[in-house]
RNA sequence: GCGGACGUGGCGGAACCGGUAGACGCAACAGACUUAAAAUCUGUCGAGGGUAACCUCGUGGGGGUUCAAGUCCCCCCGUCCGCACCA
């Protein structure tokens, strides 16, 4: 019996699959299709273990569905545009294209080593002109169809890097790379009209079109779209007010609480509101106030702390229902981007309005009376009342419930012609312009005469210039000496290319459609795309729950509108897998340490470490307990050591001890060890188990694992321990366990070489031995578990099956052959290389990746006898064995005559016997 | 602040519609094989009590519904995630 050697076996089968083109998807449409897709990777350099988990899951599904007879599409490509390539160019001078394609070559090789059942013939990168040309084409179509437009908008501008930053790239009001305070600027940008689909994107979440999506993702999308119904209405200026030019009608506000209109005591507009800008022209102090608001931080913290501030303008509006006049403020807490950028303030029933009114001494009249309160004596108790109740102090609304009053107020305002009920969304149009080089060029030309003009179809693709200067910040396309200078396609005069490129989220918004069909002259061949779409199973990280998935859903609708697709929803079933996490390690100097550099010290080594490091440790503890500025008396040994090293006085230095911060929290007896560059022994403490990241060095390389244990072991372990949607901790003992399993399977198989040639499994057997029952239970269980994405349970069942197989030493050859044949096929989706090797050794026909999935025989799943638990007064007291088909009466008699049961009901009267068929018997006695 | 998910042995986790809590794996311990170690194999493995059969307790805490609760309901505690001045 030879030991299993993945280093030889894995490449051998990868080559066979390649030669047989096992995973290239045919064009035949006669079989039922199944499209399984994992979110494609960004080519950052090397694959990491998280990729392995992601692609292993998709691979299980792909291989399983293929075995079940589906026409499976399982492609791979590269999300290849993006900032890291440009950053690399700035740092190393390597061109983004060279960097990106180089990484792709490396990562493709690594993925192939994983033995994934991927149709590599469909591979592409989004930075291929042959891909993005269609993106440009579709942009022009969207533009024509009114789905793309240009407008001025506020952006986060990094004055050092000279680029627009996404909100996520602004940290505490500063640019994430430059650290410079971010400015808000108005820029003319391209937008996609995703708000056109707000209602449908929302509706599909609930109407069954996305029944295959996890609830949490649907909820996040729902919140993101943020639908709210309310009233948009106008507050006319008071008769004696001179309205500013262009604003004669008054102030347009949005509210979800028109029931509280009688509680209004002010009107507030956003500092970014056009009316504010107009007023600032003649009011310097207001201009100053607006500037202050603009420079305030946009971080969470800043918003949290930001005080409600307002500037009282000279304007006043009339209340629509009574004689009151309401002052108009410019207020920092009113957002221009939501609603109309203006509100009416009802301090009694809104926290923000309450804070504001308190600060500026405005009236706070209550208009909602909580149930059970007395209208005559009711007073607010230091805070606004947000809950339900009856409206009062409100004339025609008095006595109505909140919801009835909302309807009544809207009706009245509509009758008065001051506004109408509207639906608002939090979702805003998708700004897609980026001042970057490494992205898809936007095919538009600016002409002084003709305005903005589309690049004619025949001139597509607009490709990036190869030469570009990355040595200074800013957009290399904009400062390129020649690229942007072109003639206007309309008038032939001098024009300039659009130098912004597309947000890379666009690239990933339709790649799944391109995988299905790749004609040269259009984005997709509609017939072929209609066959493959939607993706039957999409798999990826929860971090894409909102943006990527929402954009892809929008893009699919937009592609449908311009005639490329027939579906609304791109992904029928979505699975969000957890991350791979790993313990972090830090040495005594406070440096992160790679797991592979750590070892368990011998006793001698530990003594040496203690001699040097215990004083620091002690000190650290004291510092933790007492805070800085304490005096500490060292133990005698520590003191001697310090003096000998000349460190005695240094230990009062906070910085010095700070370096050892991490190790204070671990007992010295638990210290691990590593060696410094100079070869010195250092203590190492293990810390939080976190997402693997380069900066914390808690990474393991998939290549290293594959070298030691093989790709199969890595795949098996990634799927075995935790449920797929949860995080899994990478541990050495875990992979070793997987490696053991591989050898156990190999041992079982190699004890019966050629058994599938000597035993004819087509000849039926009426054998009903335990092994056969175990075989069919395993088939049924594993099948069900894979169908429900429970890979960890499927794996547990395979272990159980393997244990049963080992115990069944005396089973017939026929039963053994059946068991081994099933075993190989059941493990094939998880550990495909070993499965092929087993299949060959057993004497199976052809490749196992083409073999059909085993079928469970229902006759063998049904057991003749079952074991039932018997409870007395709800506590389990005995077990009885009864025929599976025994009726309740027989079961009851068997239970009552059991010796243990008799003992427990001795001296009591049996009141009731509950028999739950095939589950349990409960005897109630007292 | 709003919304959501989760909490089970030393660890990762099973437990389907409320029906024998702890499947399977890891770690640990004992034994076999070995000059020895590794590997492998066999066994033990929630806590407490008992020679034993067995008994008591036990799914974050408290209460409730039920013949029966990890599972359902109410309250509390804790962890994680999303959104966040959204009118």
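Points to keep in mind about this one:
- Matching residues, segment A:231-263, being part of a loop (DSSP other than H, G, I, E, B), under 16 Å from residue A:319 (Cα atoms) and touching a helix residue (DSSP H, G or I) at 6+ places or on another chain (Cβ under 9 Å): A:257
- Residue in segment A:524-536 that is buried (at least 20 other Cβ atoms within 10 Å of the Cβ), over 20 Å from residue A:33 (Cα atoms) and free of Cβ contacts under 8 Å to residues at least 40 places away in the same chain present: no
- Test: residue in segment A:506-513 that is buried (at least 21 other Cβ atoms within 10 Å of the Cβ), free of Cβ contacts under 8 Å to residues at least 60 places away in the same chain and in a loop (DSSP other than H, G, I, E, B): yes
- Of the residues A:910, A:914, A:870, the single one that is farther than 30 Å from residue A:767 by Cβ, free of Cβ contacts under 8 Å to residues at least 12 places away in the same chain and either within 12 Å of RNA strand B (Cβ to nearest atom) or surrounded by 17 or more Cβ atoms within 10 Å (Cβ to Cβ) (or both) is A:914.
- Only residues that are at positive phi and touching a helix residue (DSSP H, G or I) at 6+ places or on another chain (Cβ under 8 Å) were counted across segment A:356-375, and they come to 0.
- Residues that are surrounded by 18 or more Cβ atoms within 10 Å (Cβ to Cβ) and not in a strand (DSSP E or B) were ranked within segment A:410-424; the one that is farthest from RNA strand B (Cβ to nearest atom) is A:418.
- Being without any contact (Cβ under 8 Å) to a residue 12 or more places away in the chain and more than 16 Å from RNA strand B (Cβ to nearest atom) is a property that residue A:694 has.
- From the options A:81, A:23, residue that is out of contact with any strand residue (DSSP E or B) (no Cβ under 6 Å at 6 or more places or on another chain) and closer than 21 Å to residue A:501 by Cα: A:81
- Test for residue A:354: is it more than 7 Å from RNA strand B (Cβ to nearest atom) and either under 38 Å from the mean Cα position of the chain (by Cα) or in a helix (DSSP H, G or I) (or both): yes
- Filtered residue count, segment A:425-458, keeping only those that are part of a strand (DSSP E or B), in contact with a helix residue (DSSP H, G or I) (Cβ under 6 Å, 6 or more places away or on another chain) and farther than 20 Å from residue A:192 by Cβ: 0
- Just one of the listed residues (A:711, A:778, A:751) is crowded, with 22+ Cβ neighbours inside 10 Å and farther than 23 Å from residue A:48 by Cα, namely A:778.
- Residue match in segment A:729-736 (condition: out of contact with any helix residue (DSSP H, G or I) (no Cβ under 9 Å at 6 or more places or on another chain), outside any loop (DSSP other than H, G, I, E, B), over 30 Å from residue A:865 (Cα atoms) and in contact (Cβ under 8 Å) with a residue 60 or more places away in the chain): yes
Residue by residue, here is whether (1) more than 16 Å from RNA strand B (Cβ to nearest atom); (2) assigned to a helix (DSSP H, G or I); (3) over 26 Å from the mean Cα position of the chain (by Cα) holds:
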| position | (1), (2), (3) |
| --- | --- |
| A:684 | yes, no, yes |
| A:687 | no, no, no |
| A:704 | yes, yes, yes |
| A:716 | no, yes, no |
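- For residue A:879, the conditions (1) more than 9 Å from RNA strand B (Cβ to nearest atom); (2) under 15 Å from residue A:865 (Cβ atoms) all hold with the exception of (1).
- Residue that is away from RNA strand B (no atom under 14 Å from the Cβ), at pLDDT 95 or above and within 24 Å of residue A:740 (Cα to Cα), where the choices are A:824, A:794: A:824
- The residues on offer are A:11, A:41, and the sole one that is surrounded by 13 or more Cβ atoms within 10 Å (Cβ to Cβ) and part of a loop (DSSP other than H, G, I, E, B) is A:41.
- Any pair with Cβ under 7 angstrom, 6 or more apart, that starts in segment A:479-499 at a residue that is at positive phi and ends at one that is assigned to a loop (DSSP other than H, G, I, E, B): none
- Within segment A:416-438, tally of residues that are farther than 30 Å from residue A:222 by Cα and at pLDDT 90 or above: 5
- Subset of segment A:823-858 (residues that are without any contact (Cβ under 8 Å) to a residue 24 or more places away in the chain and more than 25 Å from residue A:118 (Cβ to Cβ)): A:858
The values are calculated or read from the model by the stated rules, or taken from the named source; none is laboratory data. Since the model is a prediction, treat every value here as computed from it, not as a measurement. Every residue, glycine as well, gets a Cβ built from its backbone with ideal geometry; the counts of neighbours run over all protein chains shown.
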